[in-house]
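Everything below concerns the one structure shown next.
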Amino acid sequence: MVKQSAFSLDENDFQNILNGMVDGIITIDHRGIVLSFNKTAETMFGYQSAEVIGKNVSILMPEPEHSVHDSYIHNHVTTGVKKIIGIGREVTALRKNGKTFPMHLSVIEYHAKIDGERWFIGTCRDITLQKQQQEQLKRSLKMDAIGKLTSGLAHDYNNMLSVVLGFSELLSERIPDDPKALEYVDAIKQAAERASNLTQKLMSVSRKRTDVVEAIIINDILKQHQQMLAKTLTPKIHLLIKLGDDLWPVLMDKGCMEDVILNLSINAMHAMPDGGELKIATSNEHIDFLDAQVLTIPPGEYVKLAITDNGTGMTADVVSHIFEPFYSTKGDKGTGLGLSQVYNYVTESKGTIRVYSESGQGTCFSIYLPRCVHDLSDKEENNRAELKVDELYGSASILVVDDEPALRELSEHILSAYGYKVICASSAKEALIILENETINLVLSDVIMPGMDGFELAHIIRHAYPEIKIQLCSGFSENKGRSGTNKTLAENLLTKPFTATQLLVKVQALLSG
């Protein structure tokens, strides 16, 4: 005889277990009415459990799933055919703020003891970050495939050009007394040499490391080439170089780093045909686990090189293609190889490059290269820095205001992961409506938005809700010097692209007074 266990759970114990789950857990009845909604589900969907329990679960779904969900359950209950029950699948879910996100959903059926009622338990997992990483991997694989194809074609093409150049030289020696013929041969040689230079760029798209890799200090290269850069950019471009203190060394061929700086600077100049400002800045950065997930690099110590212009900017579609070989927005004036070279040099050095751009406002390229470590003391210092991340958790309510969906999602992901309750708004107008109905401790707002900008929104909040803390952010440092704005807000501006740690430190500092 099997001895029956005395272990039992009351309703509170069961709910505590559900709230401790890392996945969102939602229980519904056969009519689709929500019976339970755990803490992870609250964070994931932006609802409090009281707002969802008793309502149809379809409020968590966008169209067309919203309209047809009840029929799924009805068909299962009446026919017994399992089309979605017991099968894990990817679906699109809907947050309270109207934002959709990819989610992995698994549903099982549970026969309740009370009256034999049929319940269904759904396990929900936000796979936004996973999808982003998959997209990054697909792009890297695409770049690698294009690079290999390009390299093979360029190699053969370069061989043919060598033949053209070689025979043109031989021909010039055979006709020394025919000036007109020599002129023709010289023209052929010049064209072939230009084509050869282009081919070398093609071959560099996917070549294996053949450069002289050494520990270099980016600050030293910038100091050495500052005058040359200024002359190349012409007097119309104001060059501003801000060097970080005690910059760490990185491993890269010096010539490759010079090419990276020159390529990005010349691109910036072309984006400012009527003149403007080009800012080059360096800094040491500690990248923790969360930042590393966003940047798709291992955690550790990195040197950041940021090159920012206030030119014409780029659309999201252009940004998604700029590192592809042959892609150019300059027409006949561009080869489409400069940025693919930059991408190649950075990734070969085990770094990453990120782009932030807004049409009509400018562009910022941020490059992260791993620190060249010479002894174990540096590693111990990094471990101490990572321990400080534990101090960045909080529970305050934060309103994120940004017209760019991807940036809202990024901020929401970072803050939610550290315990904060996050509500998002796509405009200042929407933010003011939320403030009338929600208790908010801090507003994190972009500066450049259609309609009312961040400084105007901050002015209203300061008068209507003086207890609310405000943190503005922008991709363009010139907003720090805007006249007619709150001086404290302008000086405390968080510059995009920011790391998760930079954001969390700012938020913690404001909330702690």
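Would a scan of the range 288-303 turn up a residue that is assigned by TED's automatic domain parsing to the domain that holds T347, under 19 Å from the mean Cα position of the chain (by Cα), within 14 Å of V346 (Cβ to Cβ) and assigned to a loop (DSSP other than H, G, I, E, B)?
yes
Considering only the range 440-464, state which residues are touching a residue at least 40 places away in the same chain (Cβ under 8 Å) and either farther than 23 Å from L504 by Cα or not assigned by TED's automatic domain parsing to the domain that holds V507 (or both).
Hit for the range 440-464 is P450, nothing else.
For every residue, the table says whether it meets (1) more than 25 Å from G24 (Cβ to Cβ); (2) small (G, A, S); (3) within 21 Å of the chain's Cα centre (by Cα).
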| site | (1), (2), (3) |
| --- | --- |
| L415 | no, no, yes |
| S427 | yes, yes, yes |
| I433 | yes, no, no |
| E438 | no, no, no |
| I460 | yes, no, no |
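If Y418 satisfies all but one of (1) in contact with a Phe, Trp or Tyr (Cβ under 8 Å, 6 or more places away or on another chain); (2) surrounded by fewer than 17 Cβ atoms within 10 Å (Cβ to Cβ), what's the number of the condition it fails?
(2) is the only condition that Y418 fails.
Can you pull out every residue in the range 51-65 that is within 14 Å of S36 (Cα to Cα) and either outside the structural domain of S36 (by TED's automatic domain parsing) or among the acidic types (D, E) (or both)?
Result: E51, single match.
Search the range 374-406 for residues being part of a loop (DSSP other than H, G, I, E, B) and modelled with pLDDT of 80 or more, and hand back the single one that is surrounded by the most Cβ atoms within 10 Å (Cβ to Cβ).
So the residue we want is D402.
If you go through the range 407-422 one residue at a time, how many are without any contact (Cβ under 8 Å) to a residue 40 or more places away in the chain and assigned to a helix (DSSP H, G or I)?
Within the range 407-422, residues that are without any contact (Cβ under 8 Å) to a residue 40 or more places away in the chain and assigned to a helix (DSSP H, G or I) number 1.
Name the residue, out of E277, E258, that is closer than 10 Å to D309 by Cα, acidic (D, E) and in contact (Cβ under 8 Å) with a residue 12 or more places away in the chain. Walk me through it before giving the result.
Numbers: E258 fails: closer than 10 Å to D309 by Cα.
On inspection, the qualifying residue turns out to be E277.
Please specify each residue of the range 270-287 satisfying the condition of being of a type in the set (D, E) and assigned to a strand (DSSP E or B).
E277, E285
With the requirement that a residue be charged (D, E, K, R) and under 17 Å from P405 (Cα atoms), what does the range 436-453 give you?
D446, D453 - these are the residues of the range 436-453 that are charged (D, E, K, R) and under 17 Å from P405 (Cα atoms).
Looking at the range 440-451, can you tell me whether even one residue there is under 25 Å from the mean Cα position of the chain (by Cα), modelled with pLDDT of 90 or more, over 23 Å from A306 (Cβ atoms) and in a strand (DSSP E or B)?
yes
Step by step: first the residues of the range 464-513, then only those that are loosely packed, with under 15 Cβ neighbours inside 10 Å and of a type in the set (A, V, I, L, M), then the one that is modelled with the lowest pLDDT. Which residue is that?
Step by step, filter the range 464-513, then rank; the result is A509.
The values are calculated or read from the model by the stated rules, or taken from the named source; none is laboratory data. Computed from a prediction, not measured in an experiment: that's the story for all the values here. With ideal geometry, Cβ positions are generated from the backbone for all residues, glycine too; neighbour counts draw on all protein chains shown.
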